Amino acid sequence: MLHFDLRLQLREFSFVAAGEVPSGVTVVEGPSGAGKTTLLRLIAGLVHPQAGNVTLDGRALTDITAGTFVPPEGRNVSILFQEYALFPHFDVAANVGYGLRARKVPRAEIEARVRRELERFDIATLAHARVTELSGGERQRVALARALVVEPAALLLDEPLAALDRATRTRVRGELAAVLRAVNVPTLFVSHDPGNRELFPGPAFHIERGTLTQLP
Amino acid sequence: MAVVLAAAILAAFIVVPLAGLFFHLQPRDLITAMQTVPAQDALRLSIVTTFSSLAITLLLGTPLAYILARASFPGRSLVDAVVDLPIVVPPAVAGLALLLAFGRNGTFGPLFGALGIQLSFSTMAVIMAQTFVASPFYVRAARAGFAGVDRTLEAASATLGMGPLRTFAYITVPLAAPALIGGAVLCWARSLGEFGATIMFAGNLQGVSQTLPLAVYLNLESGNLPVAVVLSAVLILFSLIVVVTVHATSDRRTI
């Protein structure tokens, strides 16, 4: 369970968001510029809130009154960034293995886990490809493999379909939904496209001008 | 037509004297000149001091460049301008300023004197003069290089579990590497050619502060033209290597 209650004064509006995210996919929809990315960055610890807290599986990651702020590298919260943020100077395997390297996993185990993950996403043949040579759909799979191989305690997806062209998007959407249904951790799926709610029947939020409301 | 002519004149004006210098170079002179102790001392001293000042610049300039590229604080543009200042200050003025600050009777001279350190007219003075005039070339390039690194990649590294230092080492530095290498090479070349600040602050003592450019000057003054030509040819060759390296790294940047 992911629980958050966050306040932050932004330039154009104040950001106020409180909610609970159980295991499985929770959709957050709202127009662009409403604060969707800010919400994810606050949960991941990339941005400090002015007040509030973030609790994941009973562990306080942020608690402003108690002076607690776990840095992003200590949270075990993976983000799938909108443009995927693949490291251009690493090949596919090194990108996917990066989080395991950060956790000082032995080299042989990194190789085995990366191989397994690449096979799961059907991109094993691309292991040594440069990420700059991949198609949009392939880039998304690499980013997703990189985010999941570390077995995160929560997964945050920032407009995961926005960087794809229309034809790829239709195909990838089904694949992504299948992968995410199998991920059994709190998952926030942020999108400006209300259509994504049909894909994930779980709880959903709407965000507008920094104010988060739970949808029925 | 006029444009081509102007370009040709300027290009020739640069190339002809430099290439012409090699016509004055006798192979016989090359061997005899490089066998003399002062020439060997100058070459050795230039290598030691330029790599020392480069090391100091990398050590102190990298954090500074990173801060200037990333942090916003009051007076940032002032610090930015101060860093660039040595590029436009005449080297002789820089040398005088260093002498007045760190010379035996300078502001901080007695402080170092009390510690038994005499900075002016020493090899350390050569390194200080080079660092003073050359470090901006590295800091400017590194600042631009760091500013060009996508911060989302650093955020991705952090959320994947890498702390700030390892993110800097694995993501920021490799992605800024072409700019860092280009800046370091330019900085080293500027140190190698340093003359004005060195002769003012460090003097022209063989084996202590007489680097290659100073040896060129001394040999010309004392009527020993062949040795001056040989040492100049060595400096031109180093410069050529630098120009080729900088162009090679900047080409990689655009790909």
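The values are calculated or read from the model by the stated rules, or taken from the named source; none is laboratory data. Only a predicted model underlies this, so the values are computations on that prediction, with no experimental measurement involved. We place every Cβ from the backbone using ideal geometry, glycine too, and count neighbours over all the protein chains shown. Side chains included, ligands, DNA and RNA excluded: accessible areas come from the protein's heavy atoms. Shrake-Rupley method; radii C 1.70, N 1.55, O 1.52, S 1.80 Å.
Details
- A:Leu61 meets the conditions (1) within 14 Å of another protein chain (Cβ to nearest Cβ); (2) under 30 Å from A:Glu198 (Cβ atoms); (3) in contact with a Gly (Cβ under 9 Å, 6 or more places away or on another chain) in every case but one. The failed one is (2).
- Here A:Asp193 passes the criteria (1) open to solvent by 50 Å² or more (accessible area, probe 1.4 Å); (2) under 30 Å from A:Gln9 (Cα atoms); (3) part of a helix (DSSP H, G or I) except the one numbered (3).
- The lone criterion from (1) at positive phi; (2) assigned to a helix (DSSP H, G or I) left unmet by A:Arg169 is number (1).
- In this entry, A:Ala177 passes the filter for residues that are open to solvent by less than 80 Å² (accessible area, probe 1.4 Å), touching a Leu at 6+ places or on another chain (Cβ under 9 Å) and over 24 Å from A:Pro88 (Cβ atoms).
- Failed item in (1) touching a helix residue (DSSP H, G or I) at 6+ places or on another chain (Cβ under 8 Å); (2) more than 14 Å from every other protein chain (Cβ to nearest Cβ); (3) over 30 Å from A:Leu199 (Cα atoms), with A:Val25 passing the rest: (3)
- Members of the stretch B:145-165 found to be open to solvent by 20 Å² or more (accessible area, probe 1.4 Å) and more than 7 Å from chain A (Cβ to nearest Cβ), listed by number: B:Ala147, B:Gly148, B:Asp150, B:Arg151, B:Glu154, B:Pro164, B:Leu165
- Residue within the stretch A:108-123 that is of a type in the set (Gly, Ala, Ser), without any contact (Cβ under 8 Å) to a residue 24 or more places away in the chain and closer than 26 Å to B:Ala176 by Cβ present: no
- Qualifying residue in the stretch B:97-119 (condition: open to solvent by less than 50 Å² (accessible area, probe 1.4 Å) and within 14 Å of chain A (Cβ to nearest Cβ)): no
- Flag if A:Glu29 is farther than 28 Å from A:Glu133 by Cα, open to solvent by 10 Å² or more (accessible area, probe 1.4 Å) and in contact (Cβ under 8 Å) with a residue 24 or more places away in the chain: yes
- Screening the candidates B:Thr159, B:Thr198 for the property of being of a type in the set (S, T, N, Q) and within 23 Å of B:Leu99 (Cα to Cα) yields one hit, B:Thr198.
- Test result for A:Ala162, surrounded by 15 or more Cβ atoms within 10 Å (Cβ to Cβ), touching a residue at least 12 places away in the same chain (Cβ under 8 Å) and out of contact with any Ser or Thr (no Cβ under 7 Å at 6 or more places or on another chain): no
- If you go through the stretch A:88-121 and keep only what is hydrophobic (A, V, I, L, M, F, W, C), within 13 Å of chain B (Cβ to nearest Cβ) and farther than 26 Å from A:Pro186 by Cβ, you end up with A:Phe90, A:Ala94.
- Scanning the stretch B:203-214 for residues that are at pLDDT below 95 and in contact with a Phe, Trp or Tyr (Cβ under 9 Å, 6 or more places away or on another chain), we see that the one that is most open to solvent (accessible area, probe 1.4 Å) is B:Leu205.
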